[in-house]
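Chemist: Quick one: this structure, given as structure tokens, is what I'll be asking you about.
The values are calculated or read from the model by the stated rules, or taken from the named source; none is laboratory data. Note that this is a predicted model, so its numbers are computed, not measured. Don't worry about glycine lacking a Cβ; one is built from the backbone with ideal geometry, like all the others, and counts go over all protein chains shown.
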């Protein structure tokens, strides 16, 4: 008999993924703010997509559970997640 067990819940996986996305977005936002350029381009949606790509092997970044985790962990990126879900 083969028995498979999962460590942690889906919620824990999405919370961990949200932590990674939140940290990634914080880093990318700081890097963009530090750039000295006469052009000001809002890279939020692209940055969010790149950060979400980092967790795509662990969870479905398009899932509603991801949105709930983002809202709980770093609500300032909730709108970016909603825009990201639209590209699916």
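Chemist: Quick check on this structure: which one of 39, 62, 48 is in contact with a helix residue (DSSP H, G or I) (Cβ under 7 Å, 6 or more places away or on another chain) and either farther than 26 Å from residue 13 by Cα or in a loop (DSSP other than H, G, I, E, B) (or both)?
Modeler: None of the others qualify; the one that does is 62.
Chemist: If you scan the stretch 10-25, which residues turn out to be under 17 Å from residue 79 (Cα atoms) and surrounded by fewer than 16 Cβ atoms within 10 Å (Cβ to Cβ)?
Modeler: Within the stretch 10-25, 19, 23 qualify.
Chemist: Follow-up question, since we're still on this one. Quick one: what pairs do we get from the stretch 8-21, first residue over 11 Å from residue 52 (Cα atoms), second crowded, with 24+ Cβ neighbours inside 10 Å, C-beta under 7 Å, 6+ apart or different chains?
Modeler: 14/69; 15/69
Chemist: Please determine whether any residue of the stretch 26-39 is under 17 Å from residue 69 (Cβ atoms), at pLDDT 95 or above and surrounded by 14 or more Cβ atoms within 10 Å (Cβ to Cβ).
Modeler: Checking the stretch 26-39: at least one residue is under 17 Å from residue 69 (Cβ atoms), at pLDDT 95 or above and surrounded by 14 or more Cβ atoms within 10 Å (Cβ to Cβ).
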